1. By how many nm would the segment from Arg41 to His6 lengthen if fully extended, with 0.36 nm per residue of separation less the alpha-carbon distance?
2. With the dipole of the chain worked out from charges on the C-beta (+1 for Lys and Arg, -1 for Asp and Glu) around the Cα centre, which of Ala54, Thr22, Ile7 lies farthest toward the positive end?
3. What are the residues whose amide H is under 5 Å from the amide H of Glu70, where those residues sit 5 or more places off or on another chain and H is modelled from the backbone?
4. Using the Karplus curve 6.51 cos²θ - 1.76 cosθ + 1.60 with θ = phi - 60°, what ³J(HN,Hα) values do you get for each residue of segment 13-22, in whole Hz, with x for Gly and Pro?
5. Just how large is the dipole of segment 2-81 about the Cα centre, in debye to the nearest 20, putting +1 at every Lys and Arg Cβ and -1 at every Asp and Glu Cβ?
6. Provide, for q = 0.26 Å⁻¹, the log10 of I(q)/I(0) from a solvent-free Debye sum over equal Cα point scatterers in the chain.
7. Please work out how much length the chain gains when fully extended from Asn14 to His63, using 0.36 nm per residue of separation minus the C-alpha to C-alpha distance, in nm with one decimal.
8. Please go through segment 7-83 and write out the chymotrypsin sites (Phe, Trp or Tyr not before Pro) that DSSP classes as loop and that have at most 13 other C-beta atoms within 10 Å.
Amino acid sequence: MFSKIHIPADREENILRRDGYTYLLAVIVLQKGKKLGLGIRHVQNRVLVSKIEADSLAAECLHLGDRVCEVGGTVVSDKGGFHI
């Protein structure tokens, strides 16, 4: 299960917006028996989606190259801060 919504004002401080991009908040709820299916990489103090497995939770709402800014309300800027 997932949802995409516009980013709330209190979370805007974690994002440096650039023209030509769409910014949404993706909320992924882990489900028993379904893989998250997400690969990430660290590039210039950013965490980017680098792999998405077919038929996974990530495939429902993320795209290659998407930036991960927060996980569980915690700001992340490298793979070390990415825990589920």
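1. 10.2 nm
2. Checking the options against the dipole of the chain, the answer is Ala54.
3. Amide H to amide H, under 5 Å and 5 or more residues apart or across chains, Glu70 pairs with Val76.
4. 4, 8, 10, 9, 6, 10, 4, x, 10, 9
5. Charge dipole, segment 2-81, about its Cα centre: 240 debye, nearest 20.
6. Here the Debye-derived log intensity ratios amount to -1.62.
7. Here the answer is 15.7 nm.
8. Sites meeting the loop and neighbour criteria: Tyr21, Tyr23.
A short reminder: the numbers here are calculations on the coordinates, not readings from a lab. It should be emphasised that the depicted structure is a prediction, and the values quoted were computed from it without experimental measurement. Please note: Cβ atoms are built from the backbone with ideal geometry, for glycine as well, and neighbour counts cover all protein chains shown.
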